[in-house]
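Only one structure is covered here, and it is reproduced in the block below.
The values are calculated or read from the model by the stated rules, or taken from the named source; none is laboratory data. Computed from a prediction, not measured in an experiment: that's the story for all the values here. Here the Cβ is made from the backbone with ideal geometry for all residues, glycine too, and neighbour counts use every protein chain on show. In case anyone asks, the SASA skips ligands and DNA or RNA and just uses the protein heavy atoms, side chains included. Shrake-Rupley method; radii C 1.70, N 1.55, O 1.52, S 1.80 Å.
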Amino acid sequence: MAEGQKIVTRIIEEEMKNAYIDYSMSVIVARALPDVRDGLKPVHRRVLYGMSELGLASNRPPKKSARIVGEVLGKFHPHGDSAVYDTMVRMAQPWSLRYPLVDGQGNFGSVDGDNPAAMRYTEARLKRMAEEMLADLEKNTVDFRPNFDDSLTEPSVLPAKIPNLLVNGASGIAVGMATNMPPHNLREIVAATVAYIENRDIDVEGLMQHVSGPDFPTGGTIYGVEGIRAAYETGRGRVVIRSKAEFEGEPGERERIIITEIPYQVNKATTIQKISQLVSEKRLEGIADINDESDSNIRIVVELKRDANPKVVLNKLFQLTPLQTSFSINNVALVKGRPYTLNLKDLIRHFVDHRHEVLIRRTQYDLEEARKRAHILEGLLIALDHLDEVIALIRASRTPDEAQTGLMERFGLSEIQSKAILDMRLQRLTGLEREKIQEQYREIKGKIDYLESILASEELQMSIIKDELITVGEQFGDPRRTDITLAEGEIRMEDIIANDEMVVTISNQGYIKRTPSSEYQAQGRGGKGFKAAGRKESDFVEHLFVAKAHHFLMLFTEKGKCYWLRVYEIPEGERTAKGRAIQNLIQIDTDDSVKAFMTVENFEDQAFLDSHSILMVTKLGQVKKTLLREYSRPRASGINAITIIEGDTLLEARLSDGNSEIVIATKMGSAIRFRASDVREVGRTAMGVRGISLQGPQDEVVGMAVASDESQLVLVVSEKGFGKQTPVSDYRLIARGGKGVKNLNVTDKTGYVVSIKLIEDKEEEDIMIITKMGNAVRIATKDIKTQGRNTQGVTLIRLRDGDEIASVTKVAERDEEEGEAETAEE
């Protein structure tokens, strides 16, 4: 060990902690986070200052990028050259910055993710907007600090006439924190800043009257405003950005989707590749071809197949590709060297405070310079007033110093004034030049008075800041590029859609629609019915039920998954329309299908959620009970409702208050009745317990009724059109898991049982019967006979040859004006 040195013992944990803290603060303050005043990180600030020092103004010829990078590296930024060049390149890319600060010439990359040319091939200079960021830098408007080797100084912040942090945004990852700020429209930010200057008590809501939302350089559409509002109020939020698209094509021809704008920071080439991959994997259907016809403007052409619905395909593109992305806003910036999360008003306030300080320092500098000039002019005027004496004194002096001393003593001049007199050219002695000096003196005195009035009045200071901002907005402002639309969740659909009763139909092949129940007129028992739904070959209506437009529809699939859907979200169609494929409304697997459904008025009443359960039954007789609140937060891809074993499927789902009784019927004509309390509550993923024992491998469960009163009726319908009503009390109450009792006398004439329904009030309820051929009949339950369990029932609908009953549902309230009834023999 050398002389004078010593070893200091340190605890390694403490040493590592201190070293990491130093590193963290270095990253936070000197690398990753922008300053709230000029919106720049140190590397951006150094690049702009370095270009300014090289004289690369917007009206000067550009210089090689390698020269600029070398200037910045050698004087201010001792890091890798790629960091400096990449920074300069990004400030020149119009798809990266809303208002570029560098004017690049050469290959500066593309929106497809192409790399820029090497720095030896490209050239650059400052944009006019960057000059406004640097304006008045020489007037002591900001503090300068030593560079990395103390050989030069660099500005700690730029004067920044433009609120750069808001208009261009920023992104960076520090240690333990990050920032991600979106760009905005300059005109809107200027208007909001002016509004803040005029009213310091304005709130975020008031500022949002001027700033509608982020304005991205690549355009697109922001979908929803709640994320914007949250970001402006709290500094954190999330906005969804969609591409702009339009449809082209004549009716009967192939249609095309033309994408003209893509979300911010999305790679166009990668997006096209992603779409092609999804098409080849059969995950995205309806697309025949995709072409990139972009030049200086984006134009992606998606060719559709003839039978494809362009709106459906576009929604799938939004769902599965980067044509729809989210931007997480996190407004973290440095305020006096410390990181803060800032809302919209904070960002504007700190910028105005910065401009206020810059204005005061600039005014003080100008005032000092004006006073210096006035002082010199005063000396020149004194000399001109005593011209002959001054000339004689100078001629009599042996040296300039003697002449200077003589002038100071004779006329009471300062050293600066006397030196200015000695430096004065002989032409200034003419009468015309004398008048010019007097005019200059009057002007400089007026300027001094004006500058002093600025320093004395904060109101005048704010007026100047406001005027400068308005000038900048007029000079560099442009229209918005990004549109903003309300998301569906932000529009109260309940306020614009009537809560009417709807008949919802779901076909065997997965087509769904809603139709106002008024289109279905009541008919008498035995009527042939009317055409209920258009169908393609081999398809038929499998489910039909009635719900209010505002209700939530819970769809349960045969694989045991649960999905949410509002009834008004189901496409409306006429009675004979085919409807829309469920796959276009919910993310259901292609090999899955809807087997059960139920409606819930809302999911906001926690007491209701905790007091009601969902009862489910499977085709093989398993029954399960789970609290309704377990299903109150489904995902878009669905949630598991019940575990289904191989060979079984979910069949029914019903809502229960816990005091009800369960009636389960089988295909072979048996039924069992037991208390719902006999079934213990289990979680969503449980399989349940046995509800009924089947009579053989051919037997299966066809339906379940949840009864709350023994006076209620059980409606039984067979596949050949027979049916009857039987009181619940006729089914004796036994333990679950048994074989049950006779429910319907199954014969060749009646066919197997296809459905059971619970009738609560036969005087006020109708049933709707749908056949596999698509015919429907609506029957008042008061016209259906009440019979015992061991009977075959009466004819409910006359069937054509080969036709069978497909679906039976209840209609809660009958139309008061019934259609003309057709009667038939029982």
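Given a Förster distance of 60 Å, report the FRET efficiency between residue 457 and residue 112 from their Cβ-Cβ distance, rounded to the nearest 0.05. Working from the Cβ atoms, E equals 0.65. Membrane-span-like helices in the chain, defined purely by DSSP H runs whose alpha carbon atoms cover 24 Å or more axially and whose average Kyte-Doolittle hydropathy reaches -0.5, are 344-385, 458-476. Applying 0.36 nm per residue to the separation of residue 405 and residue 734 and subtracting their alpha-carbon distance, the gain on full extension is 105.8 nm. Stretching residue 10 away from residue 138 to a fully extended chain increases their span by 41.4 nm, per 0.36 nm per residue minus the current alpha-carbon distance. Applying the criteria of a DSSP loop state and at most 15 other Cβ atoms within 10 Å to the GluC sites (Glu not before Pro) of segment 535-640 yields 537, 574, 601, 604.
Loop-located GluC sites (Glu not before Pro) in segment 709-767 (DSSP state other than H, G, I, E, B) with a sparse environment of at most 16 neighbouring Cβ atoms within 10 Å: 710, 760, 763, 764. Mean sequence separation of contacting Cα pairs (under 8 Å, at least six apart), scaled by the length of the chain, corresponds to a relative contact order of 9 percent. Spacing of the modelled spin labels on residue 708 and residue 291, each 7 Å from Cα toward Cβ, amounts to 6.3 nm. For segment 682-740 and segment 663-679, what is the separation of their C-alpha centers, rounded to whole Å? Taking the Cα centre of each part, segment 682-740 and segment 663-679 sit 3 Å apart. Rounded if a/c is under 1.5, else prolate if a/b is larger than b/c, else oblate: which is the chain, with a ≥ b ≥ c the root eigenvalues of its Cα gyration tensor? Here the chain falls in the prolate category. Summed over the residues of segment 541-639 and divided among them, the accessible surface reaches 40 Å² per residue at a probe radius of 1.4 Å. For segment 4-73, the solvent-accessible area works out to 56 Å² per residue, with a probe of 1.4 Å and every protein chain left in place.
The label-point distance for residue 375 and residue 283, in a model that sets each label 7 Å from Cα toward Cβ, rounds to 7.5 nm.
Rounded to the nearest 0.05, the FRET efficiency derived from the C-beta distance between residue 470 and residue 21 at R0 = 41 Å is 0.35. Here the accessible area of the chain is 45 percent carbon and sulfur, with a 1.4 angstrom probe and all protein chains present. For segment 165-208 versus segment 351-367, the spacing of their alpha-carbon centroids is 21 Å. Ignoring chymotrypsin sites (Phe, Trp or Tyr not before Pro) that are buried or in helix or strand per DSSP, and keeping those with at most 15 other beta carbon atoms within 10 Å, what is the longest stretch of the chain between them? With chymotrypsin sites (Phe, Trp or Tyr not before Pro) excluded where exposed in loops, the chain gives 149-826 as its longest stretch.
For residue 439 and residue 60, the difference between the fully extended length at 0.36 nm per residue and the C-alpha to C-alpha distance is 133.0 nm. Taking only the C-alpha atoms of segment 322-448, the Rg (one decimal) and the largest Cα-Cα distance, Dmax (whole number), read 26.7, 88 Å. What separates the Cα centres of segment 561-591 and segment 261-334 is a distance of 24 Å. Between residue 637 and residue 572, the modelled label-to-label distance comes to 3.4 nm, taking each label 7 Å out from Cα in the direction of the beta carbon. If a/c stays under 1.5 just call it rounded; otherwise compare a/b with b/c (prolate if a/b is bigger, oblate if not). Do that for segment 251-381, with a ≥ b ≥ c from the square roots of the Cα gyration tensor eigenvalues. Since a/c reaches 1.5 and a/b is larger than b/c, the shape of segment 251-381 is classed as prolate. Using the 1.4 Å probe convention, the accessible area of segment 190-338 works out to 48 Å² per residue with neighbouring protein chains retained. An ellipsoid equivalent to segment 335-409, defined through the eigenvalues of its Cα gyration tensor, has semi-axes of 54, 13, 5 Å when rounded to whole angstrom and sorted largest first.
Dividing the helix sum by the residues of the chain, where each DSSP H run of 4 or more adds -39500 (n - 2.57), gives a mean residue ellipticity at 222 nm of -9000 deg cm²/dmol.
Summing Lys and Arg as +1 and Asp and Glu as -1 over all other residues whose Cβ lies under 10 Å from the Cβ of residue 71 gives a net charge of +3. For segment 1-152, a/c is not less than 1.5, where a ≥ b ≥ c are the root eigenvalues of the C-alpha gyration tensor, and a/b tops b/c. That puts it in the prolate class.
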